[in-house]
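Report on one structure; see the data block that follows.
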Amino acid sequence: MAEQQQNASNSGAYLIRGAAILGGAAEDLLIRDGLIAGRGQDLDAEGAGVRDATVIDARGLIALPGMVDIHTHLREPGREDAETVETGTRAAALGGYTAVHAMANSTPVADTAGVVEQVLTLGRTAGWVDVRPVGAVTVGLAGEQLAELGAMADSRAHVRVFSDDGICVSDPVLMRRALEYVKAFDGVVAQHAQEPRLTAGAQMNEGEVSAVLGLAGWPAVAEESIIARDVLLAQHVGSRLHVCHVSTAGSVEIIRWAKSRGVDVTAEVTPHHLWLTDDLARSYDPVYKVNPPLRTDADVQALRAGLADGTIDVVGTDHAPHPSEHKECEWAQAAMGMTGLETALSVVQHTMIETGLMGWADFARVTSTAPAAIGRVPDQGRPLEVGEPANVTLVDPAARWTVDPSKMATMGRNSPFAGRELPGQVVATFFKGHATVLNGELNTPYRYPADAVDAGPAGRP
Ligand SMILES: [Zn+2]
């Protein structure tokens, strides 16, 4: 259950007037002591014994469960020139998130109980969202020897998601062992599906555009062959597999087939793969260089259809901030990756909701309920009902804004959406009942009580 302790710096109570719950009927929500204390028409806060509630006029706004990112690179420890837990989680709160999974490819790599506990502590000190450390599958991401998965699972960080993201666990024997190992504690292996031998030196999607530009191509089959292998391995050992950042139409087909056969597989798509194509590489602007690469319009359409029909379970940002000198250089030398935390909601609204492919209840499923379930995150992805933890995001769907990376909270300036006008803006984010974002701006972080008890992982949904 929710931690109900509060201390003086955590704000007391909020009465949200007239928000469309999941885009449906307008109701009031009363937030108090970290919980949703009331929901209904014309709630009477004083009648409920709450005298000091801050009233928020939320007419025209949509109330959603706080978003949960299954795939974030916070860069700390070790790459504080790119991002810190503080800056990355400020960006997350502004983007409507109340929890993020911090990928393991930090320096040192998060491959021991000590490092994942360090990341957990950094997240709690920052207080903007729940930071759930991801543990590495192999020692040093080297792909040679399994990391101490059990020790990370048993640590204070309660790690349930394991990934060498950035690098594929390409050795099938190691992948099999990892899948077998995580069963003991209900964990999941999140695979970065990229056959390394088929992508050596690759710079962009292999196709018409790469042929024209003369850049080494990255074939779809390099992703699809690993996903095909891994769903069969997961079925063989009866374990849970998550596929990171699916980018091709063929990958969607394989996952659809695997699910129809009962394989326990989940998959994610990034906001940028729901919109952008490899045509953008013609600009030679490295802001469009990313791993997996931007693909074709046919892939984009298949990814949207897969997300809409549930083949793809979640939207994960793959937020990957880089210092400017690693992006503002020649394409061949540039680092791969894009920021995403502060634009994800808007890009999904643009690509999935305004196209009529999904509604806001589906949005809540793919950005909150499903990622919280995959990561076994306690107190997140819960329905907006009385008694539930108050992790809530208020969105103005009618707002329009132009992306300006220099105004973002993330240290990364590498947004592929810079200069684009996007719909939808986060007005408020409540984390454990505390407003981390108010009126579209950062408020104050949640302060964990000194005697906070670690919530264990949520059970199987
Ligand atoms: Zn990756």
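The values are calculated or read from the model by the stated rules, or taken from the named source; none is laboratory data. Computed from a prediction, not measured in an experiment: that's the story for all the values here. Neighbour counts are summed over all protein chains in view; Cβ atoms, including those assigned to glycine, are modelled from backbone coordinates with ideal geometry. The area values use the complete protein model at the heavy-atom level, side chains included, leaving out ligands, DNA and RNA. Shrake-Rupley method; radii C 1.70, N 1.55, O 1.52, S 1.80 Å.
Could you go through the stretch 137-149 in sequence order and give the Karplus-derived ³J(HN,Hα) for each residue, using 6.51 cos²θ - 1.76 cosθ + 1.60 with θ = phi - 60°, rounded to whole Hz, and x for Gly and Pro?
With coefficients 6.51, -1.76 and 1.60, one gets 6, 10, 4, x, 6, 7, x, 10, 9, 4, 6, 7, 4 Hz.
Using Cα centres only, tell me the gap between the stretch 65-84 and the stretch 389-408 in whole Å.
Each part's Cα centre sits 18 Å from the other's.
Of the lysine pairs in the chain, how many meet both conditions: Cα atoms under 28 Å apart, and a spacing of 8 or more in sequence or different chains?
Total qualifying Lys-Lys pairs in the chain comes to 5.
Hey, what number do you get for the chain at 222 nm if only DSSP H runs of n ≥ 4 count, each worth -39500 (n - 2.57), divided across all residues, to the nearest 500?
About -6500 deg cm²/dmol.
Please arrange T112, T54 by accessible surface area, largest first, computed with a 1.4 Å probe and ligands excluded.
Listed by decreasing accessible area, they come as T54, T112.
Only Lys, Arg, Asp and Glu count, each charged at its Cβ (+1, +1, -1, -1), so figure out the dipole size of the stretch 1-109 about its Cα centre, rounded to 20 debye.
140
Rounded to the nearest 10 Å², what accessible area does I312 have for a 1.4 Å probe in the complete protein model?
0
Leaving out ligands and nucleic acids, and using a 1.4 Å probe, what accessible area per residue does the chain come to in Å²?
Spelled out: the 1.4 Å probe surface of the chain, per residue, equals 36 Å².
Can you give me the % of accessible surface on the stretch 66-374 that is carbon or sulfur? Probe 1.4 Å, all protein chains present, nothing else counted.
Answer for the stretch 66-374: carbon and sulfur cover 52 percent of the accessible area.
For E330 paired with A184, estimate the spin-label separation in nm (one decimal), with each label point 7 Å from Cα along the Cα-to-Cβ line.
Calculated label separation equals 4.9 nm.
Size of the dipole of the stretch 330-461 about the Cα centre, Lys and Arg at +1 and Asp and Glu at -1 on the beta carbon, nothing else charged, in debye to 20?
About 140 debye.
Could you order K327, K259 so the one with the most accessible surface comes first? Probe is 1.4 Å.
K259, K327
How much accessible area does V68 have with a 1.4 Å probe, in Å² rounded to the nearest 10?
Around 0 Å² of this residue is reachable by solvent.
Could you check the simple spin-label distance between A26 and T121, using points 7 Å along Cα→Cβ, in nm with one decimal?
Placing both labels 7 Å along Cα→Cβ, they lie 4.9 nm apart.
Along the charge dipole of the chain, Cβ charges K/R +1 and D/E -1, which of L215, T429, Q333 sits furthest on the positive end?
Comparing the listed Cα positions along the dipole, T429 ranks first.
Got a sec? Charge dipole of the chain, +1 on Cβ for Lys and Arg, -1 for Asp and Glu; which of V347, H273, V243 is way out at the positive end?
Farthest along the dipole direction, towards plus: V243.
When a/c is below 1.5 the answer is rounded, else prolate if a/b is larger than b/c, else oblate, so apply that to the stretch 79-236 with a ≥ b ≥ c taken from the square roots of the Cα gyration tensor eigenvalues.
Here the stretch 79-236 falls in the oblate category.
Counting only other residues whose beta carbon sits under 12 Å from that of G40, what net charge do I get with K and R as +1, D and E as -1?
-3
What's the extension gain from T54 to V139 if we count 0.36 nm per residue and subtract their Cα-Cα distance?
25.7 nm
Between the alpha-carbon centers of the stretch 204-270 and the stretch 129-180, tell me the distance in whole angstrom.
Spelled out, the Cα-based centre of one part sits 20 Å from the other.
Using a ≥ b ≥ c from the Cα gyration tensor of the stretch 66-374 (square roots of the eigenvalues), is it rounded, prolate or oblate, where a/c under 1.5 gives rounded and otherwise the larger of a/b and b/c decides, a/b for prolate?
rounded
Antiparallel versus total DSSP beta bridges in the chain: what percent is that, nearest 5?
That works out to approximately 50 percent antiparallel.
Evaluate the charge dipole of the chain about its Cα centre and quote only its size in Debye, nearest 20, assuming +1 on the Cβ of each Lys and Arg and -1 on the Cβ of each Asp and Glu.
440
Probe 1.4 Å, all protein chains in place: accessible area of E421 in Å², nearest 10?
The accessible area of E421 comes to roughly 120 Å².
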